[in-house]
Amino acid sequence: MSAFDLNAANQNVIGILGGTFDPVHLGHVALAEAALAGLPLSEVLWLPSGSPGHRASTVAGARDRLAMLRLATEGRARFRIDESELDRSEPTYTVHTLARLRAQLGNAQPLVLLLGSDSFLSLPTWLRWRELFDLAHIAHVSRPGLRASDGGPRPELSAEIARRSARGEQLGASAAGRIARFDMPPMDVSASAIRARLAAGQDTRHLLPAAVLAYIQSQHLYLKETL
Ligand code: ATP
């Protein structure tokens, strides 16, 4: 079997994009599209969180965040939403999420956790973070807005990168354990900046899918008094 055949035989590779999506924005959509274009993924599984374990809970409720995510991903055959953690009020940690998916999908299924660089660099602060590599690959993409003073990876993360580095196209060859980078056109957008703009009555059309902005306006989300 040639390297090409081996790759073709492993096309069932699932990318996982977790977040609060409060709201989902064009940076998330660009990240998911870039992952599909640059990595050997069959689909991107969007995983909206309930009450995230490591930060304050969300501004919009679970139903609204899901409705916006459906609008942003609608009509895209290779985008799928996993709703199973949305209604959880107890903290959900990524290590638990990946263990659940691994149990559902079996040990042979290649899984790729997709992360923006802010999330990737914070990995050593996550619960049982080294176990993540037993459960999935990690693919990270640079995100504008990191300050030079934020520095590079902590030494313990650098050590994992040195051990586990792979090219994106290699991620289908095993189920978990490698770290790869992929590229996307830089998009300086964050949900928190969008919420602030909406509360201040500023334009967000260049930052949000049109249907998501229409939903926000129709449901009166992210008004000044609700932030
Ligand atoms: P907030 O501003 O509230 O922190 P956010 O915009 O970072 O929200 P999340 O739902 O926390 O959105 O992000 C989910 C994932 O998407 C994270 O891995 C994050 O790094 C990544 N991400 C979000 N926006 C971008 C962007 N503009 N470029 C690259 N990655 C991004």
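The values are calculated or read from the model by the stated rules, or taken from the named source; none is laboratory data. Predicted, not measured: the structure shown is a model, and the values here were computed from it. Backbone-built Cβ (ideal geometry, glycine too); neighbour counts: all protein chains shown. Side chains are part of the model used for accessible areas, which takes the heavy atoms of the whole protein and leaves out ligands, DNA and RNA. Shrake-Rupley method; radii C 1.70, N 1.55, O 1.52, S 1.80 Å.
Under 7 Å between Cβ atoms, at least 6 apart or on separate chains: pull out the pairs that start in segment 207-227 with a residue that is free of Cβ contacts under 8 Å to residues at least 12 places away in the same chain and end on any residue that is loosely packed, with under 12 Cβ neighbours inside 10 Å.
Pairs found: L213/R205.
Can you find, within segment 77-96, the residue that is nearest to the ligand (Cβ to nearest atom) among those that are in contact (Cβ under 8 Å) with a residue 40 or more places away in the chain and over 16 Å from S49 (Cα atoms)?
It comes out as F79.
Please determine whether any residue of segment 144-153 is open to solvent by 60 Å² or more (accessible area, probe 1.4 Å) and within 10 Å of the ligand (Cβ to nearest atom).
Yes, because at least one residue in segment 144-153 is open to solvent by 60 Å² or more (accessible area, probe 1.4 Å) and within 10 Å of the ligand (Cβ to nearest atom).
Any residue in segment 108-131 that's of a type in the set (D, E): show its pairings with residues that are within 13 Å of the ligand (Cβ to nearest atom) and open to solvent by 20 Å² or more (accessible area, probe 1.4 Å) at Cβ separation under 6 Å, as long as the two are six or more apart or on different chains.
Pairs found: D118/R143.
Here's the yes/no breakdown for (1) farther than 22 Å from G61 by Cβ; (2) open to solvent by 40 Å² or more (accessible area, probe 1.4 Å); (3) away from the ligand (no atom under 13 Å from the Cβ):
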position	(1), (2), (3)
A162	yes, yes, yes
R195	no, yes, no
Y222	no, no, no
E225	no, yes, yes
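Consider L47 against the criteria (1) aliphatic (A, V, I, L, M); (2) under 20 Å from G116 (Cβ atoms); (3) more than 10 Å from the ligand (Cβ to nearest atom); (4) not in a helix (DSSP H, G or I): it satisfies all of them except one. Which criterion is unmet?
Looking at each condition in turn, L47 falls short on (3).
Among the residues of segment 58-76, write down those that are in contact (Cβ under 8 Å) with a residue 24 or more places away in the chain and outside any helix (DSSP H, G or I).
Within segment 58-76, T58, V59, A60, E74 meet the criteria.
Can you tell me which residue among V24, V112, V59 is of a type in the set (V, I, T), closer than 25 Å to A176 by Cα and touching a Leu at 6+ places or on another chain (Cβ under 9 Å)?
After applying the criteria, what remains is V112.
For R181, only one of the following conditions fails: (1) touching a helix residue (DSSP H, G or I) at 6+ places or on another chain (Cβ under 7 Å); (2) open to solvent by 40 Å² or more (accessible area, probe 1.4 Å); (3) away from the ligand (no atom under 11 Å from the Cβ); (4) more than 14 Å from V13 (Cα to Cα). What is its number?
Going through (1) touching a helix residue (DSSP H, G or I) at 6+ places or on another chain (Cβ under 7 Å); (2) open to solvent by 40 Å² or more (accessible area, probe 1.4 Å); (3) away from the ligand (no atom under 11 Å from the Cβ); (4) more than 14 Å from V13 (Cα to Cα) one by one, R181 breaks only (1).
Can you tell me which residue within segment 201-213, out of those that are within 12 Å of P23 (Cβ to Cβ) and not in a loop (DSSP other than H, G, I, E, B), is nearest to the chain's Cα centre (by Cα)?
V212
Taking the residues in segment 97-124 that are more than 13 Å from the ligand (Cβ to nearest atom) and not in a helix (DSSP H, G or I) as candidates, determine which candidate is nearest to S190 (Cα to Cα).
Residue satisfying both the conditions and the ranking: L111.
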